[in-house]
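The values are calculated or read from the model by the stated rules, or taken from the named source; none is laboratory data. What you see is a predicted model; the values in this text were computed from it and never measured. When we count neighbours, we look across all protein chains shown, and the Cβ atoms used for this are built from the backbone with ideal geometry, even at glycine. Heavy atoms of the whole protein, side chains included, go into the accessibility calculation; ligands, DNA and RNA do not. Shrake-Rupley method; radii C 1.70, N 1.55, O 1.52, S 1.80 Å.
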Amino acid sequence: MTIAHHPSEELLLDYASGALTESWSLAVATHLALCPECRHEVARMEAVGGGLLDALTPTACSDAAFDAVLARLTDGADAAPITVPRETLHETAGPAPVLPDPLRGYIGADLDGVPWQRLGLGAYQCLVRTEDGVTARLLRIPAGRPVPEHTHRGQELTLVLRGAFSDQTGHYGAGDFQEADEHIKHQPHAAPGEDCICLAITDAPLRFRSLAARLVQPLLGI
Ligand SMILES: [Zn+2]
């Protein structure tokens with residue numbers, strides 16, 4: 001699998017620091033299961049983060065500051081951390097599943113067992129149950145067709161799992177990851193030959209809490 005489009009360094013850093021809520025984290029973790037390059041990058045970020053913590057000199061802080069930090073930590077406490085299972089990182093016998101772990105664990109089946117719901121115009125969706133109030137869904141867009149009724153508000157992550165789509169920003173094949181926001185106007189169009197299956201995460205009032213990204217960014221040179 002040749003992957004041309006990867007998550008941004010900011011998004012990987014938010015993932016590595018545990019700042020993403022469940023749905024965003026699921027999208028990144030699923031990409032990591034397919035992408036050795038990004039797994040390596042996340043491991044590097046985790047090593048830098050661990051080194052930074054070790055090097056910190058403890059200082060006293062006010063009760064108010066402590067309470068504020070505690071509130072932020074407990075804010076996302078309901079979302080279970082998502083990691084890439086070890087077995088997905090190694091070659092195994094037989095054909096690889098189309099839906100890699102951890103996504104396959106959420107669906108409860110591989111592609112042949114997905115409970116699709118009809119969207120119209122030949123497209124289907126399957127909502128992925130997450131607890132963070134963000135919409136996560138598998139989409140199946142018929143080969144050669146545009147995505148129907150594609151509204152675009154807020155943030156959107158799209159990870160292609162089979163087939164391909166193109167839009168004004170480029171061509172996305174299996175494993176490719178797209179980050180879009182309301183400033184990007186696009187009309188994804190499935191490539192001919194094979195239905196496009198992708199994981200799409202859309203909109204949340206709280207997207208990435210990038211404090212960790214801003215703190216570590218200069219040290220990583222990104
Ligand atoms: Zn990648």
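Taking the condition in contact with a Ser or Thr (Cβ under 6 Å, 6 or more places away or on another chain) and either within 16 Å of the ligand (Cβ to nearest atom) or at pLDDT below 90 (or both), does residue 178 pass?
Criteria met by residue 178.
Hey, among 5, 31, which residue is outside any loop (DSSP other than H, G, I, E, B) and at pLDDT 95 or above?
Working: 5 fails: outside any loop (DSSP other than H, G, I, E, B).
After ruling out the rest, the residue left standing is 31.
Take the range 1-13 and flag every residue that is within 11 Å of the ligand (Cβ to nearest atom), in contact (Cβ under 8 Å) with a residue 60 or more places away in the chain and among the aliphatic types (A, V, I, L, M).
1, 3, 4, 11, listed by residue number.
Checking residue 197 against (1) at pLDDT below 95; (2) open to solvent by less than 30 Å² (accessible area, probe 1.4 Å); (3) part of a strand (DSSP E or B); (4) among the aliphatic types (A, V, I, L, M): exactly one of these is not met. Which one?
Condition (1) is where residue 197 drops out.
Scan the range 127-144 and report the pairs whose first residue is closer than 14 Å to residue 111 by Cα and whose second residue is open to solvent by 50 Å² or more (accessible area, probe 1.4 Å) and among the aliphatic types (A, V, I, L, M), with Cβ atoms within less than 7 Å and a gap of 6+ or a chain change.
137/127
Condition check: in contact with a Leu (Cβ under 7 Å, 6 or more places away or on another chain), at pLDDT below 90 and part of a loop (DSSP other than H, G, I, E, B). Does residue 205 satisfy that?
No, not satisfied.
Only one of 112, 203, 101 is under 14 Å from the mean Cα position of the chain (by Cα), surrounded by fewer than 20 Cβ atoms within 10 Å (Cβ to Cβ) and more than 21 Å from residue 32 (Cβ to Cβ). Can you tell me which?
Being under 14 Å from the mean Cα position of the chain (by Cα), surrounded by fewer than 20 Cβ atoms within 10 Å (Cβ to Cβ) and more than 21 Å from residue 32 (Cβ to Cβ) holds for just one of 112, 203, 101, which is 203.
Could you grab me the full set of residues in the range 14-44 that are away from the ligand (no atom under 12 Å from the Cβ), open to solvent by 10 Å² or more (accessible area, probe 1.4 Å) and of a type outside the set (Gly, Ala, Ser)?
20, 21, 22, 44
Cβ-Cβ below 9 Å, separation at least six or inter-chain, first residue in the range 98-121 and within 17 Å of residue 159 (Cα to Cα) and of a type in the set (Gly, Ala, Ser), second in a loop (DSSP other than H, G, I, E, B) and open to solvent by less than 60 Å² (accessible area, probe 1.4 Å): which pairs?
Going by the 9 Å Cβ cut-off, the qualifying pairs are 105/85.
Can you tell me which of 68, 55, 60, 80 is within 23 Å of residue 137 (Cβ to Cβ), more than 13 Å from the ligand (Cβ to nearest atom) and modelled with pLDDT under 75? Outline the logic, then answer.
Values: 68 fails: within 23 Å of residue 137 (Cβ to Cβ); 55 fails: within 23 Å of residue 137 (Cβ to Cβ); 60 fails: within 23 Å of residue 137 (Cβ to Cβ).
Just a single option satisfies the conditions, and that option is 80.
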